[in-house]
Amino acid sequence: MRKVVLFGTNRGGGSPPADDRFIITVKTDNAGTSASNQFTIPTSTSGITQAFLYDIETSDGQTITGNTGNTTITFPSAGEYDIIISGSFPYIYFNSGGDRLKLLDIKNFGIYAQGSTSQNNAFFGCSNMDITATDSGNFGSVTNFGGAWFSCSSLTSFPLIDTSSGTSFSYTWGACSSLTSFSLLDTSSGTNFDTAWTSCSNLTSFPLLDTSSGINFNQTWRSCSSLTSFPLIDTSIGTNFFRAWQNCSSLTSFPLINTSSGSSFQQSWSNCSSLTTFPANAFDTNIATNYTSAFLTTNLTTQSIDDILVSLDTSGVSNGTFTQSGGQAPSATGEAAIDSLVGKGWTITVTGGYTP
């Protein structure tokens, strides 16, 4: 039977005081490196600005004080327990190892991440973990969120924590395959979104996040196969869009986002098998030459493939490569654009196989 800790009541009425404790629920007999009646709290000193010094209470009545690093808790029997941490605890570090599968829930962030600039791979691989916490924690100084929740495949939603200082979101929520909703997080400082949401295969929509500082969008939304729409985000200084939306097989249209600084669009929209419409003028000011397999296995209309080809021709770039398959063949308008592009040294492959 689950053992539950009872918190104090708010006898004075009104809003209860904020709980500053870091509270997690664990199941000790899930697979892990500790015994079936134990749980090991893993820590890391990388990127911390204050030392570990924390106390532990458990829902079975234990108190363990003065902890300064990794701590193994032994319970009287296998089962589910709450662990309540107070003091200074900047960084838990599972890194796809240890007792990651024993962690079931983050019930409250509280003091967690205070004194941390890095949450790199913190909860990586915690595939049985949910987050029921409603507080924002103390993430305000964290710059590196790389891999922080990578492969947390039981998460169905993500809370509104403070990510305003984050510059690296590489792999942060990748392979969170059960996510169905996502908060409007502050990602305005983010420069690296490499694989940030790849394989979030149950997301049906994506919030209008501030990605205006983003440079690296390598595979960012790859295999988000349930996305049916995409917002008009700011990618104006992005340079790497390799496979950015590959395998987004439920997308039917795409917005007119600014990708003019992109150097490569290889496979960017490949296997977007439901993609029928693509905006005119999308590449008018682009500098890239590599669109190899960019629209492979799509379902573009004649109008959309015409618009893409005309836009590439308008850019004035020479000696590029463009590949499209699936959907409809270009009309005379698109064929004229192909003639012009080939004259500029481009290699063009389209549905219908037209060559000048």
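The values are calculated or read from the model by the stated rules, or taken from the named source; none is laboratory data. In this text the structure is predicted, and so the values were computed from the model without any measurement. Reconstructed Cβ throughout: ideal geometry from the backbone, glycine too, with neighbour counts over all protein chains shown. Accessible surface areas use protein heavy atoms only, side chains included; no ligands, DNA or RNA. Shrake-Rupley method; radii C 1.70, N 1.55, O 1.52, S 1.80 Å.
Projected onto its three principal axes, the C-alpha set of region 134-210 covers 29, 27, 21 Å, listed from the longest axis down.
At a 10 angstrom cut-off on C-beta neighbours, averaged per residue, how do the peptides 287-294, 337-344 rank from highest to lowest?
Working: 287-294: 20.5, 337-344: 17.1.
With the highest mean Cβ count within 10 Å placed first, the list reads 287-294, 337-344.
Taken over the alpha carbons of region 96-160 as equal point scatterers, the Debye sum produces base-10 log I(q)/I(0) values at 0.12, 0.25 Å⁻¹ of -0.28, -1.22.
Between amide H atoms placed 1.01 Å from N, distances below 5 Å from G147 occur with N121, S170, Y171, T172, all of them 5 or more places distant or on a separate chain.
The phi torsions of region 237-253, fed into the Karplus equation with coefficients 6.51, -1.76 and 1.60 and a -60° offset, translate into couplings of 10, x, 10, 10, 10, 4, 6, 4, 10, 4, 6, 7, 6, 9, 5, 9, 9 Hz, rounded to whole numbers, with Gly and Pro shown as x.
For the chain, report the accessible area per residue in Å² (1.4 Å probe, heavy atoms, rounded to an integer). Please list the in-between numbers first.
Values: 13490 Å² over 356 residues.
Per-residue accessible area for the chain comes out at 38 Å².
Against the chain, whose longest principal axis is taken from its Cα atoms, helix 332-343 shows a tilt of about 90°.
Our Cα-only numbers for region 10-91 put the radius of gyration and Dmax at 14.5, 45 Å. Here's how it looks for D135: its modeled amide H is under 5 Å from those of F109, which are all 5 or more places away or on a different chain.
Computing Rg and the Kirkwood Rh from the Cα coordinates of region 23-145 gives a ratio, Rg/Rh, of 0.93.
Tally up the carbon and sulfur contribution to the accessible surface of the chain as a whole percent, 1.4 Å probe, everything protein left in place. Write down the numbers at each step before the final one.
Details: 6470 of 13490 Å².
Here carbon and sulfur together make up 48 percent of the probe-accessible area.
What fraction of the Cα pairs in region 36-79, stated in percent, has a spacing above 17 angstrom? Of all Cα-Cα distances in region 36-79, 38 percent exceed 17 Å. Dividing the C-alpha radius of gyration of region 290-347 by 2.2 N^0.38 Å, with N its residue count, gives 1.01. In degrees between 0 and 90, to the nearest 10, how far off the longest principal axis of the chain does helix 302-315 point, with axes built from Cα atoms? Result, in degrees: 90. Averaging 1/r across all pairs of distinct Cα atoms in the chain and inverting the result yields a Kirkwood radius of 22.2 Å. Across region 151-300 the C-alpha pair distances fall into 5 Å bins from zero in the proportions 2, 11, 19, 26, 22, 13, 6, 2, 0 percent.
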